[in-house]
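Derivation of every value follows stated rules applied to the coordinates shown; laboratory data play no part. Quick caveat, the model's predicted, so the values are computed rather than measured. Don't worry about glycine lacking a Cβ; one is built from the backbone with ideal geometry, like all the others, and counts go over all protein chains shown.
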């Protein structure tokens, strides 16, 4: 059974691959969630071990979502903050290689369906969907014990982007409404 599947909604325009030969062209430091999703999609398309891909999600103490995606070769993290009911700002990066301990954490939690739609420039969107493990405890352990430096960089980057977007009145209004919804979930 496949835990993760990727689909591309194409616009008909030619798109530039992130790969040159077998190597990833982008030196993936911190990148937008759209760039990371495209890189993951291309890795998934080339993977011969699709059944070994895993997704683990959880929320941190600030209410942001941490999503870890692993394959036999690499571990990636996406960090999102909802900015409205249907939008989020997110960034990610490759944070390491999978080992037995990380594999154990990636399998912890409750299995729940998930879907992520990432708008793209060359295509309409990339959709990542499947069954993920959901455990805020496991994501916290990964963030704190295994990738604390990368975690701090992602948080700082997301803070700067939210601050930049905060200067736009329309964004500020949607973001404030989202935070109010999160504070009183039974409205």
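For a paramagnetic label modelled at 7 Å from the Cα of residue 165 toward its Cβ, which residues of segment 48-63 fall within the zone defined by backbone nitrogen distances under 17 Å? What the label zone holds, given the 17 Å backbone N cut-off, is 60, 62-63. Projecting label points 7 angstrom from Cα along Cα→Cβ for residue 73 and residue 112 puts them 3.1 nm apart. Normalised by the residues of segment 4-183, what does the relative contact order come to in percent, with Cα pairs under 8 Å and at least six apart? Result for segment 4-183 is 26 percent.
Remark: spin-label model distance residue 148-residue 87 equals 3.6 nm, labels positioned 7 Å along the Cα→Cβ axis.
The stretch between residue 103 and residue 59 holds 13.9 nm of extra length on full extension. This uses 0.36 nm per residue minus the Cα-Cα distance.
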